[in-house]
Amino acid sequence: MSGGDMAKPLLGHQSMEGDPSIAPAAGRTIGVLGSGDFARSLAIRLVCSGFKVVVGSRNPKRKAGLFPSAAEVTFQAEAVKKTDVIFVAVFREHYSTLCDLADVLAGKILVDVSNNTEINHHKESNAEYLASLFPACTVVKGFNVVSAWTLQSGARDGNKQVLICSNNQEAKRIVAEIAQVMGFTPVDMGCMSSACEIENIPLRLLPAWKIPIFLALGLFLCFFTYNLVRQVIHPYIREQKNKFYKIPVEVVNTTLPCVAYVMLSLVYLPGVLAACSQLYYGTKYRRFPDWLDQWLQHRKQIGLLSFFCAALHAVYSLCLPMRRSHRYQLIETAVKQAVEKKMNIWVEEEVWRMEIYLSVGIIALGLLSLLAITSLPSIANSLNWREFSFIQSTLGFIALVISTLHTLTYGWSRAFDENQYKFYLPPTYTLTLLVPCTVILAKVVFSLPCIQQRLLRIRRGWEKGRYVKFVLPSATGEYSSGETSSNV
């Protein structure tokens, strides 16, 4: 990969790009203390971005072959003397080995790129600890959220953001300038007190996904247990038929669309609750309850999990005819028909039902795919707000309606068949219709002109019970002021 390609920033709008004090820095000499994987990747990236790199190592002869030929590998003290900006790519427990360099490090900018093995493992952040060891230096926390692979392959293959914090604005400006030339997006996180939070970020495992994942797992277990009782336990107890073979595929395939359908409705239910709250209180400035606020923030993850379950349902459905049990059942049915001399078993109603069911399901999955794709940051950033809102809100609601039609054509008239009530339990699809139909009904009510106009006024700043001033002409032609309630 050529250095020019790697050095090109891939985004035109960057968090600190508007700062006129940031100027091109190619040609600056940058120091790197350390010879581990991250230090080597950092040196490669800096060289490809046009910087002069001096690597400080305690054993430069043995480590020189690990770094690009354009980088100078020398002793740590020599490397420190040749540059004013130094990346400290060593572990926290090895910071003390640099204390002998305190005199030559005085006045330098130290960029701490380290991370911990556990969240809040120490009382103070690594950057603050480094600053306490070298009070004559200016410490900047940065580049710890970028992986070694991203540094080597370029910002196009990883997260482009580089979080930076320091108590010195000039030092942050210089490090942000370096990050920008390397093709990353510098993000100013404030003073050094933010370093602890920045160091915790790489250690968190999908923090925004925990609640949606537990929600999906909870729904899956509930529907799986319900379907297991109806499809396996009931025939085993009542008819002494062993149908446990249905558990790996058929029961799972019956459960997945239930989870996908309910999860999709849960994406739009909090918006309905928020609208009800605004209509009830007559203002948009009243804070939502914490649970509703968290729910609103997790809608993207809930929607993606809904798409994931729907995609799995499609794959499982395609695999149903491949099962050995399905082949046995087909042969058994054909033999029975031959014995009973049935020449025509065509049922027009069932044929049309399945054709509509499959067609509507494919359309619903296609719309869910569009919603999932446009939720990706790279795609969402290319859309304006009206386009994004149309896809996620309007087309998303259409997807919910079509999914409802898909569910209704699957159930057809079985809700009125008493044989479908196993252990007096209604068919599963009737339970899944509760939340989505509530959302659809609420959306229809909100679309009524009287309610829609009131909700629109509230979201534009109108408040119930707020008094506003007005001016009226008097009988003498003079103007007098008064007050009235805005809800009159």
Given a cut-off of 32 Å, name the pairs among 246/341; 210/464; 81/141; 241/342 whose C-alpha atoms lie farther apart than that in the structure shown.
210/464
Could you check what % of the DSSP bridge pairs in the chain are antiparallel, to the nearest 5?
25 percent
Region 209-460 shape via C-alpha gyration tensor axes, a/c threshold 1.5
prolate
Taking r as the C-beta separation of residue 451 and residue 122 and R0 as 41 Å, the FRET efficiency to the nearest 0.05 is 0.15
How far is helix 324-340 tilted, in degrees, relative to the longest principal axis of the Cα atoms in the chain, given as a value from 0 to 90 rounded to the nearest 10?
10 degrees
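Subtracting the Cα-Cα distance from 0.36 nm times the residue separation, let me have the gained length for residue 339 to residue 327 in nm, one decimal. Show your work: numbers first, answer last.
Numbers: separation 12, 0.36 × 12 = 4.32 nm, distance 1.85 nm.
The residue 339-residue 327 span can extend by a further 2.5 nm.
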Mind sorting out which of (1) 1.13; (2) 1.16; (3) 1.05 is the real Rg/Rh (Cα atoms, Kirkwood Rh) computed from the coordinates?
(1)
Quote the charge dipole size of the chain about the Cα centre in Debye, to the nearest 20; the model charges only the Cβ of Lys and Arg (+1) and of Asp and Glu (-1).
840 debye
Of all accessible surface on the chain at a 1.4 Å probe, what whole percent is carbon and sulfur?
61 percent
Using a probe radius of 1.4 Å on heavy atoms only, what accessible surface per residue do you get for the chain? Whole Å² is fine.
56 Å²
The chain, relative contact order [Cα under 8 Å, separation at least 6], %:
11 percent
So what's the angle, to the nearest 10 degrees on a 0 to 90 scale, between helix 210-228 and the longest Cα principal axis of the chain?
30 degrees
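Show that you can apply the helix-only estimate: for the chain, add -39,500 (n - 2.57) for every DSSP H stretch of four or more residues, divide by all residues, and state [θ] at 222 nm to the nearest 500. Before the final figure, lay out the partial values.
Numbers: 22 runs with 245 residues, N = 488.
It comes out at -15500 deg cm²/dmol, rounded to the nearest 500.
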Of the beta bridges DSSP finds with both residues in region 29-203, what % are antiparallel, to the nearest 5?
5 percent
I'd like the orientation of helix 299-319 relative to the chain: the angle between its Cα long axis and the longest Cα principal axis, in ° from 0 to 90, rounded to 10.
60 degrees
Within straight cross-link reach of residue 160, meaning Cα distance under 16 Å, which aspartates and glutamates are found once same-chain residues fewer than 8 apart are removed?
5, 17, 177, 188
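Residue separation times 0.36 nm, minus the C-alpha to C-alpha distance between residue 244 and residue 149: what's the value? Could you put the intermediate results ahead of the total?
On the way: separation 95, 0.36 × 95 = 34.20 nm, distance 4.67 nm.
Extra length available between residue 244 and residue 149 comes to 29.5 nm.
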Residues of region 420-445 with backbone nitrogen within less than 17 Å of a virtual label 7 Å along the Cα-to-Cβ line of residue 353, please, listed as ranges.
420-422, 426-431
For the pair residue 106/residue 274, report the inter-label distance in nm, with labels modelled 7 Å from Cα in the Cβ direction.
5.6 nm
What aspartates and glutamates sit close enough to residue 63 to cross-link, taking a C-alpha to C-alpha distance under 13 Å and skipping anything fewer than 8 places away on the same chain?
37, 72
Cα-based reach from residue 123 at 20 Å (exclusive), listing aspartates and glutamates while leaving out same-chain residues under 8 positions away
93, 112, 197, 199
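Once you have the Cα-Cα distance between residue 418 and residue 99, take 0.36 nm times their residue separation minus that, and quote the gain in nm to one decimal. Show your work: numbers first, answer last.
On the way: separation 319, 0.36 × 319 = 114.84 nm, distance 8.18 nm.
Here the segment from residue 418 to residue 99 would lengthen by 106.7 nm.
Computed over the Cα atoms, what is the radius of gyration of region 29-203 divided by 2.2 N^0.38 Å, N being its residue count? If you can, show how the numbers build up before the last one.
On the way: Rg = 14.6 Å, N = 175, 2.2 N^0.38 = 15.7 Å.
My calculation over the Cα atoms of region 29-203 gives 0.94.
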Amide N proximity, region 262-299 versus residue 214 label position 7 Å along Cα-to-Cβ, cut-off under 15 Å:
291-292, 294-295, 298
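The values are calculated or read from the model by the stated rules, or taken from the named source; none is laboratory data. Bear in mind the structure is a predicted one, so any value in this text is a computation, not a measurement. Don't worry about glycine lacking a Cβ; one is built from the backbone with ideal geometry, like all the others, and counts go over all protein chains shown. All accessible areas refer to the heavy atoms of the entire protein, side chains included, with ligands and DNA or RNA removed. Shrake-Rupley method; radii C 1.70, N 1.55, O 1.52, S 1.80 Å.
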